[in-house]
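The values are calculated or read from the model by the stated rules, or taken from the named source; none is laboratory data. The structure displayed is predicted, hence computed values, not measured ones. Cβ sites come from the backbone with ideal geometry, for glycine too, and all protein chains shown count toward neighbours. With ligands, DNA and RNA removed, areas are computed over all heavy atoms of the protein, side chains included. Shrake-Rupley method; radii C 1.70, N 1.55, O 1.52, S 1.80 Å.
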Amino acid sequence: MEMLKEGNLLGSGLKFGIVAARFNEFITSKLLGGAYDALSRHGVDKENITTAWVPGAFEIPLIAQKMAESEKFDAVICLGAVIRGATTHYDLVCGEAAKGIAQVSLKTGVPVMFGVITTENIEQAVERAGTKAGNKGFDVAVSAIEMVNLIKELEK
Ligand SMILES: Nc1c(NC[C@H](O)[C@H](O)[C@H](O)CO)[nH]c(=O)[nH]c1=O
Ligand SMILES: CC(=O)[C@@H](O)COP(=O)(O)O
């Protein structure tokens with residue numbers, strides 16, 4: 001019989017750090033609300049969630065690294081909204097945020113979730129922050145629970 005490993009969605013007793021970017025706060029605050037909703041609905045206690053605000057998505061990796069290295073959290077959830085402007089700045093911010101977040105996760109072995117939405121315009125961001133395309137903050141929070149529990153399964 002093939003052995004199948006997967007992570008369940010039970011969050012009770014798990015501890016989460018959240019790094020939220022304040023840039024485009026009208027979007028990121030909705031992503032944060034979605035993450036809180038997901039964690040709460042999956043049994044995570046409010047006192048087991050620590051949220052840190054950073055200026056923008058470019059600063060997320062550093063604080064995510066501090067949280068991951070602290071060994072206080074089972075996973076770190078990164079939330080941001082990068083909306084294309086008139087210059088190439090968008091590409092640099094998106095690229096460094098994504099690369100930095102991935103590197104922290106691989107370096108520390110802690111699940112660090114990429115909840116930074118990267119959109120061409122404000123409408124696309126609104127759609128992904130709790131309207132017709134769902135809430136990416138909710139989605140990555142659920143994935144964070146799954147990753148923590150998958151790792152626990154693999155370590156048995
Ligand atoms: N344009 C966006 C930014 N830009 C700011 C950078 O993230 C960074 O805070 C600044 O360059 C100082 O180091 N950040 C976002 O999160 N979203 C954007 O659309
Ligand atoms: C994603 C960004 O950095 C962007 O909001 C900056 O806008 P602009 O490229 O018009 O300076």
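Reported count of residues in region 1-41, each being within 25 Å of VAL54 (Cα to Cα), touching a residue at least 40 places away in the same chain (Cβ under 8 Å) and not in a helix (DSSP H, G or I), is 10. Condition check for THR51 on (1) polar (S, T, N, Q); (2) crowded, with 17+ Cβ neighbours inside 10 Å; (3) outside any helix (DSSP H, G or I): one failure, at (2).
Among the candidates GLY100, GLY85, the residue that is within 22 Å of LYS72 (Cβ to Cβ) and within 12 Å of ligand 1 (Cβ to nearest atom) is uniquely GLY100. Just one of (1) open to solvent by 70 Å² or more (accessible area, probe 1.4 Å); (2) in a helix (DSSP H, G or I) fails for ALA97. It is (1).
ALA86 satisfies every condition listed in (1) in a helix (DSSP H, G or I); (2) among the hydrophobic types (A, V, I, L, M, F, W, C); (3) surrounded by fewer than 20 Cβ atoms within 10 Å (Cβ to Cβ) except (1).
Taking the criterion of being of a type in the set (A, V, I, L, M), within 6 Å of ligand 2 (Cβ to nearest atom) and more than 25 Å from GLY34 (Cβ to Cβ), the only residue of region 83-101 that qualifies is ALA86. The set of residues in region 54-77 that are open to solvent by less than 90 Å² (accessible area, probe 1.4 Å) and either part of a helix (DSSP H, G or I) or touching a Ser or Thr at 6+ places or on another chain (Cβ under 6 Å) (or both) comprises ALA57, GLU59, ILE60, PRO61, ILE63, ALA64, GLN65, MET67, ALA68, SER70. In region 113-156, the residue that is surrounded by the most Cβ atoms within 10 Å (Cβ to Cβ) out of those that are of a type in the set (D, E, K, R) and part of a helix (DSSP H, G or I) is LYS136. Looking at region 24-37, is at least one residue of a type outside the set (Ser, Thr, Tyr) and within 24 Å of GLU153 (Cα to Cα)? Looking for residues that are of a type outside the set (Ser, Thr, Tyr) and within 24 Å of GLU153 (Cα to Cα), one finds at least one in region 24-37, hence yes. Take GLY80 and tell me if it is within 16 Å of ligand 2 (Cβ to nearest atom), part of a strand (DSSP E or B) and touching a strand residue (DSSP E or B) at 6+ places or on another chain (Cβ under 8 Å). Yes: the conditions hold for GLY80. Residue count for region 7-43 under the criterion of being of a type in the set (S, T, N, Q) and buried (at least 22 other Cβ atoms within 10 Å of the Cβ): the result is 1.
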